[in-house]
1. Compare ILE199, ILE90, ILE140 in a GNM of the chain, Cα atoms joined below 10 Å, and give the one with the largest fluctuation.
2. Indicate the gyration tensor shape class of the range 113-162 (rounded, prolate or oblate), computed on the Cα atoms with a ≥ b ≥ c the square roots of the eigenvalues: a/c under 1.5 is rounded; otherwise a/b larger than b/c is prolate and the rest oblate.
3. Write down the percent of antiparallel bridges among all DSSP beta bridges whose residues are both part of the chain, to the nearest 5.
4. Have a look at the range 98-214 and give its Rg and Dmax from the Cα atoms, expressed in angstrom.
5. Hey, how much of the P(r) for the range 10-112 falls beyond 19 Å, as a percent of Cα pairs?
6. Fewest Cβ neighbours within 10 Å first, please rank TYR186, TYR104 accordingly.
7. Using Cα centres only, tell me the gap between the range 130-169 and the range 192-208 in whole Å.
8. Between THR86 and ALA160, how high is the FRET efficiency from 1/(1 + (r/R0)^6) when r is the Cβ-Cβ distance and R₀ = 35 Å? Nearest 0.05.
Amino acid sequence: MGHLPEGTKAGVRAAEAFFPKRLVCNFPDPEALATARRQLYRRPAVRRRLLPVLANLPVGFFDRLVFDRELHILASASASGPWVGTPGEIDVGAHDSYASCGPYLQDADTFALNLPLGSWLIRLGRIAIELAPPQAFAGIVIHECCHVDRGHKIDAGTGAASTQRREDDVVGLACQLGFREETAAYLDFYRETFGDAGIMGRLPADCASAGPDS
Ligand SMILES: [Zn+2]
C-alpha cells in the first residue's frame, strides 16, 4: 500500500499507539446497531483493517492528524441523520463516512463520544465497514484523513462548486501522498456500487510526490 520509502512512514508502532484512546467501536450499543454484521464493528476487526492504512501514512502527515488535529476514529453502523430504512439496507447518505471537527450536529452518536474540545473525528459508516473491499477501504480512510488535514468540516454548508473544489483538492492530496491506487479504488467502488454517489473528487492526470515530510 502506498509507495513511500521505509523510514518516511508512520509505522506500525505509531499506528498501534493510536488505537487505545482514539478508536471507538461498537458505539453506543452493539445490539442496537441496524446491521446483522456486528462482528465487523468489533475493535479487533476494525483495528486489523486500519493498522496497515495508518502505518503507511507519511510520518509528518500522521503526526499532524494525531497531535494537531487530535484525530479520533469512530466505526458506527448507525445512520447519521434522519433516515428511514430497513435494517439490511445501506443508504449512501446515511451510512457514508465523513470528517468533522467535534461532534457532527446530525449524528447523535458523535455527541455521546465526549470528544476533547477542538479534536477531529472520522466516522466510518456501514459503506466502509461492511461493503468496501480492502483497497477501497484504505482509499476511504486516506480520503477522510486528507479532509481532516485540510480542515474541511462536513457541516461547512458549502455549495456544489466549492464542494467539488474541496473534493478535487483532497483527491489530489491523497495522490501526492502516494495513494493514487487506493483513491482510484475508492472512487470506482462508489461509482460501481451506487452509480450517482453525489459530488466525488476527480483524479488529477498526474501526481507529483510531495516528499517525505508531507
Ligand atoms: Zn470527500
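Bear in mind these aren't lab numbers, they're just calculated from the coordinates by the rules spelled out. Bear in mind that the values here come from a model prediction, so they are computed numbers and not experimental data. As a convention, Cβ positions derive from the backbone with ideal geometry for all residues, glycine included, and neighbour counts pool all protein chains shown.
1. ILE199
2. Oblate, since a/c reaches 1.5 and b/c is not below a/b.
3. Counting DSSP beta bridges with both partners in the chain, the antiparallel share is about 45 percent.
4. In order Rg, Dmax, the Cα atoms of the range 98-214 give 14.4, 42 Å.
5. Result: 48 percent of Cα pairs exceed 19 Å.
6. Least to most surrounded, the residues fall as TYR104, TYR186.
7. The range 130-169 and the range 192-208 have Cα centres spaced 11 Å from each other.
8. Once the sixth-power term is evaluated, E becomes 0.70.
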